[in-house]
Amino acid sequence: MTRELIKGNTAVAEAALRAGLEAYFGYPITPQTELLEHLAARMPELGRPFVQAESELGAVNMVYGAACTGKRVMSSSSSPGVSLMLEGISYIAGTELPAVLVDVMRGGPGLGNIAPAQGDYNQIVHGGGHGDYHLLVLAPASVQEAIDLTVLAFDLAEKYRIIVTILLDGSIGQMMEPAELPPMQPLRKEVPDWAVSGTKGRERRVLTSINLDPPAQEVMNLRLMTRWQEVEKNEVRYKEYFLDDAEYVVVGFGTAGRVALSAVRAAREKGIKVGLLRPISLAPFPQKILEDLTKSVKAFLVVEMNSGQMLEDVRLVVKGHKPVEFFGRMGGVVPFPDEVLTEIERLAKGPLTLEGHPRDRWLARLREEIG
């Protein structure tokens, strides 16, 4: 197929349709509203249910109900809207249902603003709602990657009976790039053997997240944890750039990782042996490659569009064996490549330290810069 110029939000919506999306429930919020608007036109054209709910709370509970039928279902929102959905997300996880959620992040906390940010990392990657469960989280850094990961998300959701979240910031949602959309897949005709579809000719099935017997609840939790171990074993994804001879490694996801790649290339032109690790699966996190890099590189630089949320996961893997530094911009401010380049040059000049928290050093520099 040929490539076409397409906006990120529209691309994700159309990719979901072509992957066999059977029902969508959502509520408008910038900067993801184009996704909802595209589906508002296309789903009725294809004879598929589209519902603009009265709120994010309504939308996620509609997803819950529709997921029980075994259909391919999805919702999308942005940071404060996703916060409202977390209880329903926990219910879906507790019922062991597959679903896809798209989170196009914006500046926060609170209502914040509609500029791109990455402040949802903790609420999405580390569980969000109550209880012991994980979301499988995929973070694209381009429109094409957003398309490909959206298609993959539905397959992974069904394979593991899990919620898969496409976590992208407003930059990816709003940018236009040439990309290739997949062919339209036919809708599935088979019904999963766990789904509720009417009891004619079979025993009734009960799908619920409430279990008043603690030992039985623990068994369910153990089943979720065992399934997550399979996800950790099979679904780690990342991109690596210039790591073969790297003495320094930048770690960044989504737009921050994309900006960091430009800085890494510029640093390479200056003779600095630096590489980039861009996690695509944020959960499961690419721990093994980070552990291996810790044995060979001098230091790490984590770049994010927040105050250092993935930073803590990197530090947990590195375990103080090598210095870790941090550079971030907050509130919807997107870092420039030259800012990241300056941080790389600072790292290469040293001195390198294992003392103190990297966030403290970054905050001191940021206060000096912006007052």
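The number of residues in the stretch 315-333 being open to solvent by 40 Å² or more (accessible area, probe 1.4 Å) and in a loop (DSSP other than H, G, I, E, B) comes to 6. What number of residues within the stretch 148-188 are open to solvent by 10 Å² or more (accessible area, probe 1.4 Å), farther than 22 Å from Y238 by Cβ and among the hydrophobic types (A, V, I, L, M, F, W, C)? Going through the stretch 148-188 one residue at a time, the tally reaches 3.
Within the stretch 334-358, the set of residues being touching a residue at least 40 places away in the same chain (Cβ under 8 Å), open to solvent by 60 Å² or more (accessible area, probe 1.4 Å) and either under 27 Å from N113 (Cβ atoms) or part of a helix (DSSP H, G or I) (or both) comprises F336, D338.
Hey, could you check the stretch 281-305 for residues that are open to solvent by 10 Å² or more (accessible area, probe 1.4 Å) and not in a helix (DSSP H, G or I) and say which is nearest to T165 (Cα to Cα)? For the stretch 281-305, the residue satisfying everything is F285. Just one of (1) more than 22 Å from G20 (Cα to Cα); (2) touching a His at 6+ places or on another chain (Cβ under 9 Å) fails for I162. It is (1). Per the conditions (1) open to solvent by 20 Å² or more (accessible area, probe 1.4 Å); (2) more than 27 Å from D193 (Cβ to Cβ); (3) among the charged types (D, E, K, R), the sole criterion not satisfied by E14 is (1).
Would it be correct to say that L167 is within 16 Å of F253 (Cβ to Cβ), outside any loop (DSSP other than H, G, I, E, B) and assigned by TED's automatic domain parsing to the domain that holds P80? In short, yes.
Residues that are in a loop (DSSP other than H, G, I, E, B) and crowded, with 20+ Cβ neighbours inside 10 Å within the stretch 94-107 comprise L97, P98, G107, listed in sequence order. What do you reckon, is L135 among the hydrophobic types (A, V, I, L, M, F, W, C) and within 20 Å of P28 (Cα to Cα)? Here the answer is no, as L135 does not meet what is asked.
Picking from residues in the stretch 334-362 that are of a type in the set (A, V, I, L, M) and modelled with pLDDT of 95 or more, the one that is farthest from G320 (Cα to Cα) is V334. For G257, the criteria (1) open to solvent by less than 60 Å² (accessible area, probe 1.4 Å); (2) touching a Gly at 6+ places or on another chain (Cβ under 6 Å) hold in every case but one, which is (2).
Residues checked against (1) open to solvent by 80 Å² or more (accessible area, probe 1.4 Å); (2) more than 24 Å from the chain's Cα centre (by Cα); (3) more than 26 Å from S281 (Cα to Cα):
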| residue | (1), (2), (3) |
| --- | --- |
| E190 | yes, yes, yes |
| T199 | no, yes, yes |
| T208 | no, yes, yes |
| Q217 | no, yes, yes |
| M220 | no, yes, no |
| R223 | yes, no, no |
| W228 | no, no, no |
| E232 | yes, no, no |
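The values are calculated or read from the model by the stated rules, or taken from the named source; none is laboratory data. If you're wondering where the values come from, they're calculated on a predicted model, not measured in any experiment. Cβ sites come from the backbone with ideal geometry, for glycine too, and all protein chains shown count toward neighbours. With ligands, DNA and RNA removed, areas are computed over all heavy atoms of the protein, side chains included. Shrake-Rupley method; radii C 1.70, N 1.55, O 1.52, S 1.80 Å.
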